[in-house]
Structures are given as structure tokens and as C-alpha cells.
Amino acid sequence: MKKPVFLVLLCLAAFSCGDDDERTCRFCSSDQTPEFELCRESNGNASINGEDTGTNYEAYLDDLVEAGANCGG
């Protein structure tokens, strides 16, 4: 009886943590720059072409759009 309970708990633990490590990316461009990749890292920061900016993703994206960048989804 302990083995099925353990397996169920193990499966729940494995699937419940999956979204925390998710990295999502989009491509952006502007008149002043070539196309670049903007990602939301698992720590909530923005990265540009793989380089962590140390800045919150939402704030970074808002600033890019305000400066005239076009960031597709």
C-alpha cells in the first residue's frame, strides 16, 4: 500500500514544480537595432540574447515598448 501512495506523491511533486523553471522568449526589433531575443528567465529577470539583464522582465519589456521596440509574442 505504501508504494502506490509514494508513486502518486512523486508524480505530483514532479509536475507541480515544472512551471517554475519555465523560460519564455519572444523576438523584438526596432529601427535602431537588429532583431534580438528577449526572454523571461525562471528568476523573473529579462535576458537579451541569453544575457541576464538583472532587471525585472515586465519592467524591461515596458521600457522597450515605450522606446519604440516591437516585441511579438
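Just going by the charge dipole of region 20-71, with Lys and Arg at +1 and Asp and Glu at -1 on Cβ, which of 46, 64, 27 is farthest out on the positive end?
27
Can you run phi through the Karplus equation (6.51, -1.76, 1.60; θ = phi - 60°) for region 62-67 and list ³J(HN,Hα) in whole Hz, with x for Gly and Pro?
Values, residue by residue: 4, 5, 4, 5, 4, 7 Hz.
Kindly provide the pair-distance distribution of region 20-71 built from C-alpha pairs, with 10 Å bins from 0 and whole-percent values in order of increasing distance.
28, 59, 13, 1
7 Å from Cα along Cα→Cβ at both residue 66 and residue 23: what's the point-to-point distance in nm?
2.8 nm
Every number in this text was worked out from the coordinates using simple rules, so none of it is lab data. The structure displayed is predicted, hence computed values, not measured ones. Here the Cβ is made from the backbone with ideal geometry for all residues, glycine too, and neighbour counts use every protein chain on show.
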